[in-house]
Amino acid sequence: MFEYDQPYYFAGLPFTARQVPRKLAWLLARGEIRQFLKGVYVDVRMSDSPALRADALRLVVPADAVVCGRAAAWLHGIGTTALGSEDLVQAQWTRDVPDADVVELDGLRVTSPASTALALAMALPRPFALSAVDAILRSGKADLWALRAASAAYEGRRGYGQSQDILRHADRRAESPAESWLRLRLLDAGFGRPDLQIGVDGPNRVYRLDVGYPDRPIDGRKLGLEYDSDQWHSSIRQQSRDETRRTELDALGWHIISVRRTDLWGSYPALELAVGSFLCQQPRLPRRW
């Protein structure tokens, strides 16, 4: 790493491997640069920003092309977690898109947020299609009713059926990709559409639950589910805080199921079985994804 206050590589601008052919592996090994976009690198001291993303794409996208797909969503500010299992985005572009579906960002032509959302709803695997559309809706750059109306123009194209399914379930209230995936698991299992960001009044504070079924009490108790990420719910202190919170919610009549990443991915339906056990409902299995 940096032993002194040395200048930023390439003045902090993104660069390609061709610009440092012999030093690339060495700089990566020293932790002084990182891959920012597939095939594009930047000084590790540079913070992510819309301008930096545009500069990175400008290096690999032809001047007369339109950025599209996952790269377009990334340029519109959507995080990579919502777009797929890979941490890095690969540049995607096209020259076959109507001018009405194109906007300009930092000097780059890119598909509009609405056009991008519809394309991803058709092309991405179902969980990522939902998390991508949820994220675009949450950004405020696209409207769900407008997306549903505009989707009619894509009828007959590959992925149209999936896009209609995704648009039926999309919700701007989802605050993370994991919340979108959790909601899709519940829908696929046949439990019905859960409510999101549920407020629960306590004696000293208002709790907020990621998702739940406040209108389906069982023996006077309601079901809530919370996604506990490894980043914020792994230490002993964090887990103790979570347990205290669940105890307080239990006293308020809520049964809370804690969901981890391993509960969302894979073939074993522990999540569906736990929810079905509480709701006294047989889940629809096996898992679809």
Practice prompt. Go through segment 191-245 residue by residue and tally those that are outside any strand (DSSP E or B) and over 20 Å from Phe278 (Cβ atoms).
Written response: 18
Fill in: Restricting segment 280-289 to residues that are surrounded by fewer than 18 Cβ atoms within 10 Å (Cβ to Cβ) and not basic (Lys, Arg), the residue that is farthest from the chain's Cα centre (by Cα)
Cys280
Item to complete: Find the residue count for segment 121-142, including only residues that are in contact with a Phe, Trp or Tyr (Cβ under 8 Å, 6 or more places away or on another chain) and buried (at least 23 other Cβ atoms within 10 Å of the Cβ).
Response: 3
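Every residue, every condition in (1) more than 24 Å from Gly276 (Cα to Cα); (2) free of Cβ contacts under 8 Å to residues at least 24 places away in the same chain; (3) not in a loop (DSSP other than H, G, I, E, B), yes or no:
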site: Ala152; (1), (2), (3): yes, yes, yes
site: Gln164; (1), (2), (3): yes, yes, yes
site: Arg168; (1), (2), (3): no, yes, yes
site: Ala174; (1), (2), (3): no, no, no
site: Glu179; (1), (2), (3): no, no, yes
site: Leu182; (1), (2), (3): no, no, yes
Practice prompt. Take Ala119 and decide whether it is at pLDDT 95 or above and either assigned to a strand (DSSP E or B) or touching a Cys at 6+ places or on another chain (Cβ under 7 Å) (or both).
Written response: yes
Worksheet, complete the sentence: Counting only residues in segment 267-279 that are in a helix (DSSP H, G or I) and open to solvent by less than 50 Å² (accessible area, probe 1.4 Å), the one nearest to Ala189 (Cα to Cα) is identified as Glu272
Item to complete: Just one of (1) over 19 Å from the mean Cα position of the chain (by Cα); (2) surrounded by 15 or more Cβ atoms within 10 Å (Cβ to Cβ) trips up Pro203, so point out which.
Response: (2)
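The values are calculated or read from the model by the stated rules, or taken from the named source; none is laboratory data. Note that the structure is predicted; figures quoted are calculated from it, not measured. All Cβ positions, glycine included, derive from the backbone under ideal geometry; neighbour counts span all protein chains shown. Ligands, DNA and RNA are excluded from the accessible area calculation, which covers all protein heavy atoms including side chains. Shrake-Rupley method; radii C 1.70, N 1.55, O 1.52, S 1.80 Å.
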